[in-house]
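To start, the structure under review is shown below, and the notes come after it.
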Amino acid sequence: MKSLSKITLFNQFNSSLLFFLLVVIILQLVSSSTASVSPVTSPFVYTNSTAVKERKEAEALLKWKTSLHIKSQSLLSSWAGSTPCNWVRINCDNSGSVTHLNLSTYGLRGTLQNLNFQSFPNLLSLDLSSNSLYGTIPSNISHLSKLLVLDLSANQFTGSIPAFLGNLSNLTILYLYKNQLSGSIPQELGMLSSLSDLELSLNNLTGVIPASLGNLSNLNILYLDENQLSGSIPQELGMLSSLSDLALSSNNLIGVIPCFSWKLQATYHSNNLTGVIPASLGNLSNLNTLYLYKNQLSGSIPQELGMLSSLSDLQLSFKQSHWCHPCFSWKLKQPNHLISLQEPTFWFHPSRIRNAKFSE
């Protein structure tokens with residue numbers, strides 16, 4: 001009996017041991033299975049996150065589309081579903097987020113009031129130029145913190161240039177020209193330290209040119225022409241060492257022409273500027289266009305203008321008639337033909353000068 005009892009206990013022990021080993025093996029298999037499934041399931045998690053992001057951006061774009069005029073909606077017929085990365089004129093990054101929206105010259109008519117810019121945290125470029133968009137520039141556009149390019153030119157936008165555009169700290173290009181914008185140029189634009197191209201021409205802007213624009217150390221192009229700006233040209237613009245193209249024509253600017261020292265490639269003036277043409281313009285070795293006509297300038301043409309070897313287009317006019325009108329004579333001097341203008345005497349390269357106009 002004792003032997004039988006020992007055998008029974010031994011069998012029970014073996015059964016318990018086998019059960020314990022079986023549980024351990026099952027746990028190991030489950031753990032191994034979970035580890036192997038993990039890398040497989042993570043893309044699904046990523047895909048779900050991408051889908052949510054795309055759906056949010058799609059909803060914002062579709063809401064804006066339905067607010068546009070009927071014909072404009074038909075032009076965006078590909079805008080359907082929940083994946084905007086497949087829609088016309090839209091580019092996305094690898095995560096499926098919209099980075100570029102380019103609807104330039106697309107025949108759109110409507111406003112931007114129903115476009116929720118907060119839904120596009122990764123937008124880098126917004127080009128809506130050459131359409132028939134109207135209304136004011138909405139305030140929530142300031143949420144586009146990564147925006148590099150903003151082009152709303154050649155539309156029918158009204159109201160003032162919003163000061164909150166100065167919050168778009170990464171902006172390199174700002175085109176608002178050829179609209180119906182009014183009011184003054186906000187000094188907050190001087191906060192756009194990365195800006196290289198600022199074009200506000202062909203609007204109804206008034207007031208003075210803000211001195212804060214002199215803070216835009218990376219600015220290459222500044223177009224403020226064909227507005228109703230007044231006051232004098234701020235000396236701070238002379239601090240723009242990278243400036244290559246300046247357009248201030250057809251405004252109501254007064255005062256003398258500042259003595260700037262940057263290497264300007266093109267200047268345009270047509271205002272009520274007075275005084276003499278500064279001799280320092282002769283230091284602008286890359287200057288190719290100089291428009292000073294339709295001003296109230298007096299005195300004579302400075303001899304230093306003869307140092308402008310890159311000049312190709314020169315137009316001058318004077319308020320007083322006591323200055324000596326230059327005489328043109330053509331001479332051949334190798335390797336180029338040259339124009340000699342007497343009183344004062346200096347030389348221009350006719351192979352480069354396409355237009356020289358002098359009037360009183």
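The values are calculated or read from the model by the stated rules, or taken from the named source; none is laboratory data. None of the values given here were measured: they were computed from a predicted structure. With ideal geometry, Cβ positions are generated from the backbone for all residues, glycine too; neighbour counts draw on all protein chains shown. Only protein heavy atoms, including side chains, enter the accessible area calculation; ligands, DNA and RNA are left aside. Shrake-Rupley method; radii C 1.70, N 1.55, O 1.52, S 1.80 Å.
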Legend entry - Virtual paramagnetic centre 7 Å along Cα→Cβ of Ser145, amide N under 13 Å, in region 170-196: 170
Legend entry - Set of aspartates and glutamates with alpha-carbon distance to Lys63 below 16 Å, sequence-local pairs under 8 removed: Glu54
Legend entry - Residue-normalised accessible area of region 157-216, given per residue in Å² at a 1.4 Å probe: 35
Inset, instruction - For region 273-313, calculate the relative contact order in percent as a whole number, restricting contacts to Cα pairs under 8 Å that are 6 or more residues apart. - result: 56
Inset, instruction - Please go through region 75-117 and write out the chymotrypsin sites (Phe, Trp or Tyr not before Pro) that DSSP classes as loop and that have at most 12 other C-beta atoms within 10 Å. - result: none
Inset, instruction - Could you rank the peptides 60-71, 174-185, 304-315 by their average count of other C-beta atoms within 10 Å per residue, with the highest value first? - result: 174-185, 304-315, 60-71
Legend entry - Förster radius 35 Å - calculated FRET efficiency between Ser160 and Val52, Cβ distance, rounded to 0.05: 0.40
Inset, instruction - Multiply the residue gap between Ala279 and Tyr134 by 0.36 nm, knock off their C-alpha separation, and tell me the result in nm, one decimal place. - result: 47.7 nm
Legend entry - Net charge of Cβ neighbours under 14 Å - reference Leu174; Lys, Arg +1; Asp, Glu -1: -4
Inset, instruction - Let me see the pair-distance distribution of region 160-210: every alpha carbon pair, 5 Å bin width, integer percents in order. - result: 5, 22, 32, 27, 14, 1
Inset, instruction - Starting from the Cα-Cα distance between Asn114 and Ser232, subtract it from 0.36 nm times their residue separation and give me the gain in nm to one decimal. - result: 38.5 nm
